[in-house]
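Below: one structure, written as structure tokens.
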Amino acid sequence: MRTGVYVCHCGTNIAGTIDVHALIGYAGSLPGVALAREYKYMCSDPGQELIRQDICDYKLDRVVVAACSPHLHEKTFRQAVEQAGLNPFYCHMVNLREHDSWVHADKPAATEKAMDLVRAAVRRVKWHVPLERRQVPVHAEVLVVGGGIAGIDAALTLANAGKHVYLVEREPTIGGHMAQFDKTFPTLDCAACILTPKMTAVKAHRNITLWTYSEVRQVEGYVGNYSVTVRRKPRYVIEKLCVGCLECIQACVYKQAKVPDPFNLGLSKRKPVYIPFPQAVPQVVAIDPETCIEFKSGKCKKTCVEVCAERNAIDFKQQAEIQTIQVGAIILATGFDVFDGARIPYYGYGLYPNVYTALEIERLVNASGPTGGEVVLRDGRKPASVGIVHCVGSRDLHTNRYCSRVCCMYSLKLAHLIKEKTGADVYNFYIDIRAPGKAFEEFYNRVAEEGVVFVRGKAADVYPAGNGDGRLIVQAEDTLLGMIRKIPVDMVVLATGLEPRADANDVRRLFNIGCSGDGFFLERHPKLAPVNTFADGIFLAGCCQGPKDIPDTVAQSGAAAAQALALIDAGVVELEPNTAHVLEDACSGCKTCLPLCPYSAISFVEEKKARINEVLCKGCGTCVAACPSGSIRQNLFEDEEIFEEIDGLLASAAVGGGPVRIQGDL
Amino acid sequence: MKALRAFWFRPEMRRKMKFQREADPEWAQQVAQRPGCEGLFSCLQCGTCSGTCPLSIYMDFAPRRIIGLVREGFREDALGCQTIWLCASCYACAVHCPRQIRITDVMYSLKREALQYKLYPRRFPIPVLAQEFYGIVSDRGRSSEFWLVLRMALHSNPLQLLTLIGTGWRLFRTGRLSLHKEQIEHVKELQAELAGRRGT
Amino acid sequence: MTSATYGYYPGCSMRGSGIAYEESLVTLFRLLGLTLQELRDWNCCGATSYMCIDENLAFLLSARNLALAQQTGFRELVTPCSACYLCLRKVQDYVQRYPQVAERVRDSLAVASLPPLDAVKVRHPLEILFTDVEPERIRSKAVRHWHGGQVACYYGCQLVRPYGEADRLHNPTRMDELLQAVGVPTVKFALKTKCCGGSLTGTIHPVGLRLNYILLKEAARKGAKAIATVCPLCQYNLDAYQAEIRRETGEALDLPILFFTQILGWALGGDVRSLGLHRAISGRRVIDEWFPQHPEEVESYV
């Protein structure tokens, strides 16, 4: 056995904590090691070239690279080894950075641990066997989940590239949160004016199948070959037949709208038969069975059906429809939830009627909103003074620790719009104004010059004025003046933050991807793979990955579309060979493994043997561990490899005779 | 001329400037390691503490600035101020702080240090009350309001007793003023328990 | 749970200015068939002052009470005073959070031959009445209609913050619900958890007065004719200085400051003296009207 050991400094990431020189000295002394080298950046071209050259010069047959996480560079080094004519799976990585230097401060102990890890790898790698990657064809269709601006933009990009896209949206219309906004910062262009053309383009595009009021129920398969089940909820209106004339809404037996309208956040009412908003796409009404008299009593005059007699689009008996589609890639663009202001009791949301959330104000300033664009209080008066409370549900360990990124800018925008529409005095209570985007700082200056007041201090309390004039007092420390301020206002606007969707965790499990600590979907790498996930073929766009504004969202959806395109345009995908396989002679046919496989990759064949479909197998190892007769084995995780690695790791403890130290990830 | 005279006769002027040599960053680190004082360095200086504090309007430094002074290591300002004594321990700041800094406990820690090094403002009645209370309870195991108030007044401002007569009489008349000196049975054991365990 | 016995830790105030609180608490519990057994040889909790001098000793004082309770076999210790409630709970929190505090407390308890701290549950009467007894049962036991006016429920600071489980942190409502159960109308009182200033009335007098003035004025503005409290110090501060506040501000504030146990005890049939209602300083006229010495007719609710 001629093993080469390569230790990477990773600048000072590794070499700052681990004595790299001592480590290669030690590695060189291990049995079977032909040479050990260090290099500043092993992943660089010269670093890789070093390995390639050594393989040829020294006839190496195994390679151990002690560097960063295999997530990052396993591909790089396997490729380097392969280029030198060796089977790529003769290369094994040791994660010195994440498992050692980054998590320890004691240098001698960290170096000792590095020696243990390298020794374990050297002993493991000699058991490696040559393996082949498999190639499977890729479906050319793409599924986009979520029809907000992120999903719309990704779908259009892919469709324009000639790919077929399924766009699945939970609500009866696409448009998402952006459809609820009035103007967009910092340019103040109208959200609807820039969004609705894209919405209609989605509907009109021959490469897009738009399924609104639908949800993904099941996802099976693997990269390039996903099988997705979508449930199309009944809207009790036949989409093909409805032309969006809205006469049914006119004709509804409810003469007055009675139901709080969620699109306007309850600030207006709608009828049981409704269209979410005038520019909704598709232009198809929906019937809410919770409030429709026909559903509740079965005794309605059904004036809606009468008026629609010619087209006969209304169908009270409509059932949910299940569709299964095959796609090669999936883009998740499921968006965000707005923080619930009532969770901070001392701001009085829900208690004092004139405390609003920012999204409610978006509807009030919007010309097609519940007040026709008038910013008025609940009693119809125009506010003479307005307080905007920043960081509600952001930067607070009681709620969300992260900064929601958009609230400062939308608060500036609302301050401007409120001032423009009402002439009110507007006070911003802020901790820091974060205006780092293109033309953001200029917008901040403009709003300040318009006379909007900025009080640097987080609002501490909101309460009714003592003199009974119905105003609210916003109390805060003006930290720049070093004074407590009590500012009476007619209206309080809570700049509520962005949160992961309430069901983000269910969706995460459905698609088998991860979440970061804050609950947003986790990208594969924060810098270099920001739209990829750890599930190959599943990409992220927009706020489901973290709070961001519209320009960033659109940039990300373009990136996600490009990634999906790169995948499906290649036509085939290579699969790692780390799959499990059954030793047929040893299998007793006990079927223990069958129900355990999360990917349904195991079937029962030839009377009494289990067989694993290598294409479906993800290499999770569950069946390997569960098999009572030990007759399931897994490539790259063979018993010999694992045991040898454990022995190698614990070897120094055994020699010392002391208590066994458990280190690293074991 | 008028402006000049106003300048000249100004009774007190304070320099608003700090040399870095006046800061004691090590002390700041020490404070942050005391139980209850963690998280000092995660302060955002958002002012929520001062905004919720019912007494910040009377303080020389609002609670936010106390955290700032401690964090920067300006020990004498933090320990010599009235603020820490005005804190009535209502814990409003501690439960509102978005960084969950237990500001009330930081105040306690500063009070103890100020007493230990005699840096507290002289003739300020609150530290006097605390010390008298401490004395009575250490001696007898319980506090007796009448004796406590009497001793505090004698040690800070005896004239104050005159103003207390009215309230005292009203309490006495309703049976709420006991002249009895409360004491526990096992006062010796209590003293043994406390003995030698001082530490601030 | 009719004849439950609770360990009882009165605290120093109950033996002085807060004597009416103890009287009404004992009466109320007796009327509900609950027994309070006083902790033998309890000592001062240390309040806020002790913590300013010496943290170790402050914790030891509270720890001794908890250890005594445990030695006596109390699983639960009831304390009506908010400061005592906070101090006892604070030492429990610190012992759990900091090993160094736990060690010091353990050692010094051993010196006094007391057992190490275990899980004695520190409770406030408000919590017991709300969760163990429940408002509905108190309603069913009430024998008097409420003839008085609206009341503002004032919870103060240390009961709900930051270690309390007696009620919700930001918007406590349990006292309101209990009083409403016996027919007492309560007002929305936004300042219900704002601080009364504690010992400031005795030290920086004008500041203490001002804090109490704000509370009294807001309660009166909301239409309250009396304030109900859960803490002896809050009651004392709001009660004892109203004459002075009237003098300073020229405003005609004269509100009775009641313990919530006095109101509940009255509804359940307690009399003026056994509830300590004769000990109030302010709002005497209202008290005499609401709580007559000889209530002519006693009506039954059920």
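The values are calculated or read from the model by the stated rules, or taken from the named source; none is laboratory data. All values reported here derive from a predicted model rather than from experimental measurement. FYI the Cβ positions are ideal-geometry reconstructions off the backbone, even for glycines, and counts take in every protein chain you see. Ligands, DNA and RNA are stripped out before the accessible areas are found, and what is left, the full protein with its side chains, is counted by its heavy atoms. Shrake-Rupley method; radii C 1.70, N 1.55, O 1.52, S 1.80 Å.
The C-beta contact set for region C:280-298 (first residue away from chain B (no Cβ under 14 Å), second residue at pLDDT 95 or above and open to solvent by 70 Å² or more (accessible area, probe 1.4 Å), distance under 7 angstrom, 6+ apart or interchain) comprises C:286/C:225.
Does region A:519-578 hold any residues that are crowded, with 22+ Cβ neighbours inside 10 Å and without any contact (Cβ under 8 Å) to a residue 12 or more places away in the chain, and which are they? Hits for region A:519-578: nothing passes.
When residue C:93 is tested against (1) within 30 Å of residue C:268 (Cβ to Cβ); (2) in contact (Cβ under 8 Å) with a residue 24 or more places away in the chain; (3) out of contact with any helix residue (DSSP H, G or I) (no Cβ under 6 Å at 6 or more places or on another chain), just one condition goes unmet, and that condition is (1). Restricting region A:607-642 to residues that are of a type outside the set (D, E, K, R) and in a strand (DSSP E or B) leaves a set whose member that is farthest from residue A:582 (Cα to Cα) is A:634.
Out of all the residues in region A:384-395, is one or more farther than 16 Å from residue B:48 by Cβ and either in a loop (DSSP other than H, G, I, E, B) or at pLDDT below 95 (or both)? Can you show your working first?
First, pick out the residues of region A:384-395 that are farther than 16 Å from residue B:48 by Cβ: A:384-386, A:388.
Now drop any that are not either in a loop (DSSP other than H, G, I, E, B) or at pLDDT below 95 (or both), which leaves A:384.
Yes, there is a match, as at least one residue in region A:384-395 is farther than 16 Å from residue B:48 by Cβ and either in a loop (DSSP other than H, G, I, E, B) or at pLDDT below 95 (or both).
Of all residues in region A:452-468, which are more than 39 Å from the chain's Cα centre (by Cα) and assigned to a loop (DSSP other than H, G, I, E, B)?
Filtering region A:452-468 for residues more than 39 Å from the chain's Cα centre (by Cα) gives A:464-468.
Selection gives A:465, A:466, A:467, A:468.
Selection of region B:103-125 for residues being within 10 Å of chain C (Cβ to nearest Cβ) and either among the charged types (D, E, K, R) or not in a helix (DSSP H, G or I) (or both) yields B:105, B:111, B:112, B:120, B:124. I'm checking my understanding of the structure. Among residues of region B:137-156 that are open to solvent by 50 Å² or more (accessible area, probe 1.4 Å) and within 7 Å of another protein chain (Cβ to nearest Cβ), which one is farthest from the chain's Cα centre (by Cα)? The extreme case among them is B:145. For region A:98-119, the count of residues that are open to solvent by 20 Å² or more (accessible area, probe 1.4 Å), over 24 Å from residue A:649 (Cα atoms) and in contact (Cβ under 8 Å) with a residue 24 or more places away in the chain is zero. Note on region B:157-200: residues that are hydroxyl-bearing (Ser, Thr, Tyr), open to solvent by 40 Å² or more (accessible area, probe 1.4 Å) and in a helix (DSSP H, G or I) total 1.
Considering each residue of region C:125-140 in turn, none proves to be within 14 Å of chain B (Cβ to nearest Cβ) and within 20 Å of the chain's Cα centre (by Cα). In region C:59-78, the residues that are facing chain B (nearest Cβ under 10 Å) form Cβ pairs under 8 Å with partners that are aromatic (Phe, Trp, Tyr), at six or more places apart or across chains, as follows: C:59/C:94; C:61/C:50; C:68/C:42. Evaluating residue C:44 against the criteria (1) closer than 22 Å to residue C:121 by Cβ; (2) open to solvent by 40 Å² or more (accessible area, probe 1.4 Å) leaves one unmet condition, (2). Among the residues making up region B:153-200, a single one is modelled with pLDDT of 85 or more and at positive phi: B:175.
For region C:1-50, residues that are under 15 Å from residue C:128 (Cβ atoms), within 14 Å of chain B (Cβ to nearest Cβ) and of a type in the set (A, V, I, L, M, F, W, C) total 0. Per this entry, residue A:508 is not counted among residues that are within 30 Å of residue A:219 (Cβ to Cβ), more than 14 Å from chain B (Cβ to nearest Cβ), among the charged types (D, E, K, R) and in contact (Cβ under 8 Å) with a residue 60 or more places away in the chain. Applying the selection to region C:115-124, what residues are open to solvent by less than 70 Å² (accessible area, probe 1.4 Å) and under 28 Å from the mean Cα position of the chain (by Cα)? Of everything in region C:115-124, those that are open to solvent by less than 70 Å² (accessible area, probe 1.4 Å) and under 28 Å from the mean Cα position of the chain (by Cα) turn out to be C:117, C:119, C:120, C:122, C:123, C:124.
The residues of region C:169-194 that are open to solvent by less than 50 Å² (accessible area, probe 1.4 Å), within 14 Å of chain A (Cβ to nearest Cβ) and within 16 Å of the chain's Cα centre (by Cα), listed by number, are C:172, C:173, C:192, C:193. The residue that is farthest from the other protein chains (Cβ to nearest Cβ), counting only those in region A:458-479 that are small (Gly, Ala, Ser) and buried (at least 19 other Cβ atoms within 10 Å of the Cβ), is A:459. Evaluation of residue A:271 against the conditions (1) modelled with pLDDT of 95 or more; (2) more than 19 Å from residue A:324 (Cα to Cα); (3) open to solvent by 50 Å² or more (accessible area, probe 1.4 Å); (4) among the charged types (D, E, K, R) shows that the sole unmet condition is (3). Screening region A:269-380 for helices (runs of 4 or more DSSP H) wholly inside it with 3 or more residues that are closer than 24 Å to residue A:202 by Cβ returns the ranges A:358-365.
Filtering region A:313-350 to residues that are aliphatic (A, V, I, L, M), open to solvent by 10 Å² or more (accessible area, probe 1.4 Å) and more than 34 Å from the chain's Cα centre (by Cα) leaves only A:314.
Here is a yes/no grid of residues against (1) of a type in the set (Gly, Ala, Ser); (2) surrounded by fewer than 18 Cβ atoms within 10 Å (Cβ to Cβ):
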{"site": "A:283", "(1), (2)": "no, yes"}
{"site": "A:311", "(1), (2)": "no, yes"}
{"site": "A:355", "(1), (2)": "no, no"}
{"site": "A:358", "(1), (2)": "yes, no"}
{"site": "A:361", "(1), (2)": "no, no"}
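Note on region A:1-97: enclosed helices (runs of 4 or more DSSP H) holding 3 or more residues that are surrounded by fewer than 18 Cβ atoms within 10 Å (Cβ to Cβ) and within 31 Å of the chain's Cα centre (by Cα) are A:70-83. Based on what the data block shows, is residue B:134 within 17 Å of residue C:60 (Cβ to Cβ), within 8 Å of chain C (Cβ to nearest Cβ) and buried (at least 22 other Cβ atoms within 10 Å of the Cβ)? No. In region B:68-78, of all residues being closer than 16 Å to residue B:103 by Cβ, in contact with a helix residue (DSSP H, G or I) (Cβ under 6 Å, 6 or more places away or on another chain) and not basic (Lys, Arg), the one that is surrounded by the fewest Cβ atoms within 10 Å (Cβ to Cβ) corresponds to B:69. When the residues of region C:86-111 are filtered to those that are under 30 Å from residue C:230 (Cα atoms) and more than 11 Å from chain B (Cβ to nearest Cβ), which remaining residue is surrounded by the fewest Cβ atoms within 10 Å (Cβ to Cβ)? Checked region C:86-111; the qualifying residue surrounded by the fewest Cβ atoms within 10 Å (Cβ to Cβ) is C:96.
Can you tell which of A:213, A:222 is open to solvent by 20 Å² or more (accessible area, probe 1.4 Å), hydroxyl-bearing (Ser, Thr, Tyr) and at positive phi? Let's see the steps before the verdict.
Numbers: A:222 fails: at positive phi.
After ruling out the rest, the residue left standing is A:213.
Scan region A:431-457 for residues that are of a type in the set (A, V, I, L, M) and surrounded by fewer than 21 Cβ atoms within 10 Å (Cβ to Cβ) and jot them down. Reasoning before the result, please.
Initial filter on region A:431-457 (of a type in the set (A, V, I, L, M)): A:431, A:433, A:435, A:439, A:447-448, A:452-453, A:455.
Matches in region A:431-457: A:433, A:435, A:439, A:448, A:453.
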